[in-house]
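Here is the structure we will look at, set down as structure tokens.
The values are calculated or read from the model by the stated rules, or taken from the named source; none is laboratory data. Just so we're clear, the structure is a prediction, and the values are computed from it rather than from any experiment. Backbone-built Cβ (ideal geometry, glycine too); neighbour counts: all protein chains shown.
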Amino acid sequence: MTPTLTLRNPADLAAAVPYLLGFHPADSLVVVGLRDAIVAVVQRWDLDPDVDGLAAAVAEVLGRAPVEAVLLAAYGEAGTVGPVIERVRDRLPVPLLAAVRVTGDRCFCASCEQCTPPDGFPFDAAASPVPAEATVAGLTALPDRDSLRAQVAPVTGSAARAMSRAVDLAGRRLTRLIQRAWDNGVRDGLPAVRAAGFLAVDAALAAGRRGVRLTDEQIAWLTLLLHSLPVRDRAWESTDHEPWQMSLWTDVTRRAEPSLVAPAATLLAFAAWRDGNGPLAGVALDRALAADGTYSLATLIRDAMLRGLPGSTLGRWPSQRDLSDRDLGQRDRTARRGRFTESDAAA
């Protein structure tokens with residue numbers, strides 16, 4: 001749940017944004033959508049030389065999100081940021097409550113000419129009460145976006161080589177499993193795969209609940225079998241937002257063979273989204289979609305986040321139909337154009 005933060009002036013809004021995003025932005029436009037005076041959507045956009053296209057893309061996404069008003073925060077040089085704020089402001093489908101620009105160590109009100117002096121306010125986030133309020137509420141602001149991505153980055157070096165060997169062994173094990181089914185007269189090996197997958201999921205969840213780290217062999221076998229949709233759905237149905245689940249799926253996501261990571265990263269995204277941790281959910285979705293750009297559950301969760309649907313409000317495990325009502329299942333055209341940075345959508 002997003003905490004209550006006291007915003008007294010433009011500098012307080014600028015100080016709040018990194019905690020809502022999970023990192024300190026640079027050369028960015030951040031859109032904060034409000035519903036009932038509560039933050040419902042936080043989106044970061046790369047500054048685009050095509051200002052008209054960027055403004056249209058922001059307006060299109062906000063038009064689909066259940067927000068009643070908007071705050072804007074832009075980070076960058078005045079010559080670049082100013083036209084972006086002006087054009088986006090003209091295209092907003094809901095009222096703009098405030099807009100700020102942060103250039104270096106100065107903060108400017110971009111909503112009017114009279115709010116700040118010509119050289120702006122000194123911007124020192126530490127002087128605002130917002131960081132203290134956010135920290136008490138459990139929010140953090142990493143130094144930059146790369147620091148956030150590092151939380152789900154794949155392992156490298158000897159750990160990656162060990163996982164590659166474990167995946168080779170898991171592949172042979174899967175081949176033997178299917179061959180045994182054929183030898184027993186079962187021409188469809190899917191029931192055997194499903195049964196093995198259910199056992200692997202249950203074992204992983206039991207280990208995670210006890211705080212026991214999975215072996216390379218367990219992760220290789222699990223990530224291979226999660227590509228069976230019934231197996232993935234068994235893990236999905238058992239995933240909510242408990243801390244041990246976030247730890248489990250973070251570990252699996254980091255150690256998984258990159259080509260096999262999509263289901264595990266999506267499960268991590270779901271757990272983070274359910275917990276209200278949009279920044280972590282976003283970078284997990286980045287990993288999932290980098291491995292498989294058409295992975296349907298990842299695209300559905302991403303679109304639900306874009307529309308401002310908070311996972312914490314779901315009272316039960318949702319079906320894919322719940323997440324894809326009406327236009328949720330349609331890929332956002334602006335995302336396909338690459339203007340929107342999907343990992344920075346936060347519900």
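Observations
- Out of 266, 223, sole residue that is under 27 Å from residue 165 (Cβ atoms), under 10 Å from the mean Cα position of the chain (by Cα) and buried (at least 23 other Cβ atoms within 10 Å of the Cβ): 266
- The residue list 101, 145, 106, 180 contains one member that is basic (Lys, Arg) and touching a residue at least 40 places away in the same chain (Cβ under 8 Å), which is 145.
- Considering the range 33-53, the residues that are crowded, with 24+ Cβ neighbours inside 10 Å and aliphatic (A, V, I, L, M) include one that is nearest to residue 120 (Cα to Cα), namely 42.
- For the range 60-79, the condition holds for at least one residue, the condition being that it is surrounded by 15 or more Cβ atoms within 10 Å (Cβ to Cβ), β-branched (Val, Ile, Thr) and under 20 Å from the mean Cα position of the chain (by Cα).
- The C-beta contact set for the range 225-240 (first residue assigned by TED's automatic domain parsing to the domain that holds residue 189, second residue assigned to a loop (DSSP other than H, G, I, E, B), distance under 7 angstrom, 6+ apart or interchain) comprises 232/226; 235/226; 237/317.
- Of the residues examined, residue 322 is one that is at pLDDT below 95, touching a Leu at 6+ places or on another chain (Cβ under 9 Å), of a type in the set (D, E, K, R) and surrounded by fewer than 18 Cβ atoms within 10 Å (Cβ to Cβ).
- Here the condition is being assigned to a loop (DSSP other than H, G, I, E, B) and either of a type in the set (Asp, Glu) or surrounded by fewer than 13 Cβ atoms within 10 Å (Cβ to Cβ) (or both); of 146, 168, 119, 202, it holds for 119 alone.
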